[in-house]
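Down below is the structure, laid out as structure tokens.
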Amino acid sequence: MAEERRQKLCSVILPTESMKAMAESVGVGSLQEESCLALSEEVSYRIKEIAQDALKFMHHGKRRKLTTGDIDHALKLKNVEPLYGFQSQEFIPFRFASGGGRELHFYEEKEVDLSDIINTPLPRVPLDVSLKAHWLSIDGVQPAIPENPPPVPKEQQKTDSTEPLKAVKPGQEEEGSIQTKGQGANSAEVKGKEKMRMKPRSTHELSVEQQLYYKEITEACVGSCEAKRAEALQSIATDPGLYQMLPRFSTFISEGVRVNVVQNNLALLIYLMRMVKALMDNPTLYLEKYLHELIPAVVTCIVSKQLCLRPDVDNHWALRDFAARLMAQSCKTFSTTTNNIQSRITKTFTKSLLDDKTQWTTRYGCIAGLAELGHDVIKTLIIPRLSVEGARIKAVMDGPVVSNIDKIGADHVQSLLLKHCACVVAKTRPLPDMVDQYKADYGYLGTMLCSHVVKARAQAAFQAQTVNRTTLTITQPRPTLSMSQSGLSASSGSRTPSIIKVPSSLTLMSTRPGTPTQPSPPATKYIVMATSAGAASTQQVITLSSSQSGSSVTSTVPSTPTSLQPLVKLESGTTGAVSGPRPLQKYIVVSLPSSSSSLENKGSGVIPSSTSPISMESAVKLERSESPAANTQSPH
Amino acid sequence: MAAVQDGPMELDAEKEAKPEILSDGTSNLSGNTASGTLSSSPLTAAPAGGAPKMEDQQTLIAVLQFLKRNKLSESVEILRREAGLGEHQEGSQATDGSGGGKGDGDGGDANSLLSRVSITSAAAPQSMPVKSDCIINIFRCDLPFMFMLSEDQPDVSVVLSAYSQQGDPPLYQVYYSGLKNFIESVLDCHRAELSQLFYPLFVHMYLELVYNNHETEAKAFFDKFSGDQECYYQDDLHILCGLTKKEHLKGNEVLLDFRTSRFVLHISRDSYQLLKRHLQERHNNQIWNIIQEHLYIDIFDGMPRSKSQIDSMSGSLAGEAKREVNKAKVFYGLLKEPEIEVPLDDEDDEAENEEGKPKKKKTKKDSLGSKSKKQDPNAPQQNRIPLPELKDSDKLDKIMYMKESTKRIRLGPENLPSICFYTFLNAFQGLTAVDFTDDSSLLAGGFADSTVRVWSVTPKKLRKVKSAGELNVIEKESDDVLERIMDEKTASESKILHGHSGPVYGVSFSPDRNYLLSSSEDGTVRLWSLQTFTCLVGYKGHNYPVWDTHFSPFGYYFVSGGHDRVARLWATDHYQPLRIFAGHLADVTCTRFHPNSNYVATGSTDRTVRLWDVLNANCVRILTGHKGPIHSLAFSPNGKFLASGSTDGRVLLWDIGHGLMIGELKGHTDTIYALKFSRDGEILASGSMDNTVRLWDSMKAFDEVETDDFTATTGHIHLPDNSQELLLGMYHSKSTPVTHLHFTRRNLLLAAGAYNSQ
């Protein structure tokens, strides 16, 4: 194997075409093939030589990545003038182009308008180097503090759970051996390891502290104090040392769901689902082993016939939606070819959907569960059923009044179907949208579907209009569930993952928990993109003062018509009306990690809901790409 | 450049000083006179002991002629006297060797030397330009100072000309596979030993083909046989595979090294006889010639070595070390501690501590002093290297040290140290070097942006001394004058030192905490004052990046090593190096002083560790066995052992006295950048790029080796594969590579590294 690689290395020589291209670029029109070959061999050799020298600088710089600086230094060693202007820290954005039978990689140099640079606000001053001390180990035991990595990495949890015998075998891992020679050793570390490894995981004991923690957390999660619950869930979602308690949590949840479904205790079910969510959010936990307990609990919350005492009043629909999202999330994360979670879940949902005797509540759950699995599932499993479901809804709506509950159920199913199918249809179905056609294809629901599709198309067009150069991908929206049991407001319109395009100059520092330098994130951040229908777009710097509406400061910076300039971070805990927007302006508001109270923003009149393509509810995490601010922080 | 030009001058000056002066000139180091510091010439040492006697003499004669030609008559006299050469002897040798007769003057001298290096090439009628430089080239390993002359432009053609003739290119493959078949068919016990031949033969045959412009044959040869080579030669093969043209050979340092130094193999007599018989039967002159010319086969009597024994020792660029090289006596013992009167009130609790006791009893000091000398026969003479006198502040520090050491925690497998990790935040991958002061009060970091930053890790802030004008006003007699000279306004937790013009790759604090050294890509080593936080001296000498620097444990001296493949010994008050340690075949990547300051260890990209005698700049140990560039070194506190860590993630333990590998610690998955023994030497801590700190039971590792073994046998050892048992603990950091490790005087382990957000 090594041999093959080496042989390949040996033959790597720059193509003669590049020599020709380079010759042309310096004005040598025709270069003979032989000269090209000789040149390319020489150049290839020199490049290899320089790369090998540059590696030395990388090693001494104690890095794993070769930087342009290393190459510069290697060139300096050879008494060659370094190449200037390649100071990109992370990657060199070479572009690829082909044409006229040639393929080229080149470095794109854009023309930059100076006024743009002058007008953009200065990037943040890079943070200075600082020193922070923490305990990596105390008397040989690594304390479980945020500065240290999780005590047992996920991979090891996995091997422990899948091959429990292997962990005990000495010499398999570095740590494995410790216990073999550590007999009689009274060091706490050795003790801890022995306990952990010698006993099967299912019976091992929790320390007193862990038991206390477990008690506190579970009580807080199902208790009455919302603040406490938020704290507890936060702890579950971030704490790196929970893996030992995982079996308890999983049992707690599955038992809790079983009991509370019978008792129709909606509130508790919601609390438990939020616990599941928190567990799934914790990146250090290896959940795969406990899916057999968690998935049935979640599915129960989706499709159970009755989840609350007063089905006509309580908003159990929101719980179903939330659980369905959880289900979709776990399918995405855990589904493999061996466990086939996604296909098994899909089968279950489809089966009860096809059953005529299924209740409206369960029907709603099935559809929600399927819809969350993605567009493909909607297309293949739900859309063909539209006419059947339509007929069923029609029967309830138009028929004799059977019961109020049925009617509400049918109504919910209808809006759910419309919501999910509209965007899929908008994408798959060719124009034009004729109501009659829709009616023929989809039956009773056709009319309403048609109007929804038209709306969806308009929205997509609007988004396309705001597209600029760079794509900012927004990861899976984070479902939030608030405890509003009244009204239909909880489940709102479009919460599909969307792609927002923003200009590349956008400076966005996402605060990740992993970076100790960043301050803890404020409650809510908004990015307001403003565009007007007219030719000139404006850039708004809006600062929302957290205290009062009306006192907010708005400064408008004019910019070039073509580029939609950014964007502001609004940091505010409470809401307030933004004063003085132009009548024609539209806003896209993306809320960063949302607090449950932030939703009222919508009603404050700033954003007409028809023009806001992204629901405020979908809290969106913006992944930080290589932002200019980050660039400037790096040393040169 | 300066150094290169100064070469001959220095040579001259150094030669005049006799070694006897040294023993006298111990005191008065601050007197700034050259005689007070190290001054004996490295040249007085005979060239590497391994060479046959005839060669020695020829070498000496060549040097004499060179000196003569440069009108260095005094040096000639000294050398002649010391070498015991008569004038006539020299003359006759010159005529014998030149072959071309005396007529050609300068060229004749050179040819006489070349005749032994390229015997076969003499047959080829190829004429070559011979410069006087070329002599030097051949002797560069032996004569460090002359090496400097030639360093910039080694006359490649001469070095390579040995490749010029030889047989039919297409037959090379036949030769090689013939040998391969033979070696594969011999008895198992010989096969492993003879397999060592593959790599050097492969390289030389390939280079020969390339040199003679048989490009396609060379490529075919490479493709066919490169896969057979041991995996640890991968890096060199990568370089080799890029070389396809004769022109490329010029200026490629790695290959020049391969040529100029003979690849050393250890082979048992039986195996060697077997090989010799085979080659003679087959009339395989091609391979026989290469073996004769380019390889040095160190034959030993006894059992052939096993594959694992061979593998553990091989891997360096130029094969294993010749056994003779490691025979020199090394005084690895510690120097006697100076007697210091310890304040009486501490006497009681310190008397319980056994180690501290002998040093502190003032009344008994004379008898104790002589006793401790007797006790350690391996310690060098106290004044072998002139050391600076202790100042009052040093004595205070020593007392502090002793007080602290009484509170030291005894470490062991059941009592692991606590680790405090200093994380550099927002360093953006720019942190390149870290050092702590011995008392763990200050921390220095070298950065890729050319700055050096100093932090105080205690609540005491860093203050500058007041300006000269302000200092004049201060009452000098007052008790707190030391406090008064500090400028309170400048107090801060950290200070930035600007001055370098390239990444700072090494930093080292002086033991008295008054100075800081930094070495950088810009080719300089800088000395900074920690009183004024300004640069005091820029030591220029390395013209290329300086990878590492380290202060002597007694201060005053320091060593630096860099890309120019030499390590240099400096004294802080001399702007030129006192010693140049030349011999490494590639970059010197790390440098460390022995605890007794008489020796310097250097690790290199050529995958060897060398130990140098500070007294005469001789290389006294060559330690081979690493499979990658060495990036960290640590001496055990008792001076007996050395640990080295390399890019292959292994730590090797060496017994300095015997010059043998005694342990191998496997476990790290990436380059080891930090190694440190605990204050008592019981625990070895290693820090690596793989974001872990590992603790090893060094006591156990050293105990398990039965030292009697090595003296009796031919020096091969069975390494127990017990890394797992020796590993006491492993601690992951959160994506923070470990750049430096330091044990405080109380045996708390401090680690440092830059957080890497990716």
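The values are calculated or read from the model by the stated rules, or taken from the named source; none is laboratory data. Everything numeric in this text was worked out from a predicted model, so none of it was measured. Here the Cβ is made from the backbone with ideal geometry for all residues, glycine too, and neighbour counts use every protein chain on show. Side chains are part of the model used for accessible areas, which takes the heavy atoms of the whole protein and leaves out ligands, DNA and RNA. Shrake-Rupley method; radii C 1.70, N 1.55, O 1.52, S 1.80 Å.
Can you tell which of B:SER501, B:SER510, B:SER520, B:SER456 is farther than 17 Å from B:PHE436 by Cα and surrounded by 17 or more Cβ atoms within 10 Å (Cβ to Cβ)? Give the derivation first.
Working: B:SER501 fails: surrounded by 17 or more Cβ atoms within 10 Å (Cβ to Cβ); B:SER510 fails: farther than 17 Å from B:PHE436 by Cα; B:SER456 fails: farther than 17 Å from B:PHE436 by Cα.
Of the residues listed, the single one that is farther than 17 Å from B:PHE436 by Cα and surrounded by 17 or more Cβ atoms within 10 Å (Cβ to Cβ) is B:SER520.
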Looking at (1) within 13 Å of chain A (Cβ to nearest Cβ); (2) touching a helix residue (DSSP H, G or I) at 6+ places or on another chain (Cβ under 7 Å); (3) closer than 22 Å to B:TYR296 by Cβ, which is the one condition that is false for B:THR260? (1)
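Just to check your reading of the model, which residue among B:LEU642, B:LEU653, B:LEU665 is in contact (Cβ under 8 Å) with a residue 12 or more places away in the chain, of a type in the set (A, V, I, L, M) and within 14 Å of chain A (Cβ to nearest Cβ)?
Values: B:LEU642 fails: within 14 Å of chain A (Cβ to nearest Cβ); B:LEU653 fails: within 14 Å of chain A (Cβ to nearest Cβ).
None of the other options fit; the residue is B:LEU665.
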Determine whether the range A:321-342 contains at least one residue that is surrounded by 15 or more Cβ atoms within 10 Å (Cβ to Cβ) and within 15 Å of A:VAL413 (Cα to Cα). yes
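When the residues of the range B:294-335 are filtered to those that are assigned to a strand (DSSP E or B) and not β-branched (Val, Ile, Thr), which remaining residue is surrounded by the most Cβ atoms within 10 Å (Cβ to Cβ)? Before you say what the answer is, go through the steps one by one.
Step one: list which residues in the range B:294-335 are assigned to a strand (DSSP E or B), which gives B:295-300, B:319.
Cutting the leftovers down to not β-branched (Val, Ile, Thr) gives us B:295-296, B:298, B:300, B:319.
Values: B:LEU295: 19, B:TYR296: 18, B:ASP298: 19, B:PHE300: 17, B:GLY319: 24.
So the residue we want is B:GLY319.
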Assuming A:VAL43 fulfils every condition listed in (1) modelled with pLDDT of 75 or more; (2) within 14 Å of chain B (Cβ to nearest Cβ); (3) under 38 Å from the mean Cα position of the chain (by Cα) apart from one, which condition is it? (3)
Determine, yes or no, whether B:THR437 is modelled with pLDDT of 90 or more, more than 7 Å from chain A (Cβ to nearest Cβ), farther than 24 Å from B:SER678 by Cβ and surrounded by 19 or more Cβ atoms within 10 Å (Cβ to Cβ). no
Answer yes or no as to whether A:PRO143 is under 32 Å from the mean Cα position of the chain (by Cα) and more than 14 Å from chain B (Cβ to nearest Cβ). no
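Is it the case that B:TYR233 is within 14 Å of chain A (Cβ to nearest Cβ), at pLDDT 80 or above and farther than 26 Å from A:ALA38 by Cα?
Yes: the conditions hold for B:TYR233.
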Qualifying positions in the range A:69-87 - under 22 Å from B:MET689 (Cα atoms) and away from chain B (no Cβ under 12 Å): A:ILE71
Among the candidates B:GLY639, B:GLY657, B:GLY625, B:GLY649, single out the residue that is modelled with pLDDT under 95, under 19 Å from B:GLU704 (Cα atoms), assigned by the TED database to the domain that holds B:ARG746 and open to solvent by less than 10 Å² (accessible area, probe 1.4 Å). B:GLY639
From the options B:ASP435, B:ASP479, residue that is free of Cβ contacts under 8 Å to residues at least 24 places away in the same chain and acidic (Asp, Glu): B:ASP479
Looking at (1) at positive phi; (2) within 12 Å of chain A (Cβ to nearest Cβ), which is the only condition B:GLY555 fails? (2)
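Assess whether B:HIS542 counts as being farther than 21 Å from B:SER393 by Cα, open to solvent by 10 Å² or more (accessible area, probe 1.4 Å) and not hydroxyl-bearing (Ser, Thr, Tyr).
On the way: farther than 21 Å from B:SER393 by Cα: yes; open to solvent by 10 Å² or more (accessible area, probe 1.4 Å): no; not hydroxyl-bearing (Ser, Thr, Tyr): yes.
So B:HIS542 does not fit the description; no.
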Where B:GLN280 falls short, out of the listed (1) more than 11 Å from chain A (Cβ to nearest Cβ); (2) among the polar types (S, T, N, Q); (3) in contact (Cβ under 8 Å) with a residue 24 or more places away in the chain: (3)
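Just checking: which of the helices (runs of 4 or more DSSP H) contained wholly in the range A:244-308 hold 3 or more residues that are more than 19 Å from A:THR218 (Cβ to Cβ) and not small (Gly, Ala, Ser)? Spell out how you get there, then give the answer.
On the way: elements: A:246-263, A:266-281, A:291-303.
The qualifying helices (runs of 4 or more DSSP H) are A:291-303.
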Residue hits (the range A:104-140; charged (D, E, K, R) and within 14 Å of chain B (Cβ to nearest Cβ)) are A:ARG124, A:ASP128, A:LYS132, A:ASP139
If we scan the range B:187-202, do we find a residue that is away from chain A (no Cβ under 14 Å), open to solvent by 40 Å² or more (accessible area, probe 1.4 Å), part of a helix (DSSP H, G or I) and of a type outside the set (Lys, Arg)? yes
Identity of the residue in the range A:300-320, at pLDDT below 85 and among the aliphatic types (A, V, I, L, M), that ends up least open to solvent (accessible area, probe 1.4 Å): A:LEU307
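Where in the range B:688-729 are the helices (runs of 4 or more DSSP H), entirely inside, with at least 1 residues that are open to solvent by less than 60 Å² (accessible area, probe 1.4 Å), more than 14 Å from every other protein chain (Cβ to nearest Cβ) and at pLDDT 70 or above?
Values: elements: B:698-703, B:708-712, B:723-726.
Where helices (runs of 4 or more DSSP H) fall fully within the range B:688-729 and carry at least 1 residues being open to solvent by less than 60 Å² (accessible area, probe 1.4 Å), more than 14 Å from every other protein chain (Cβ to nearest Cβ) and at pLDDT 70 or above, they are B:698-703.
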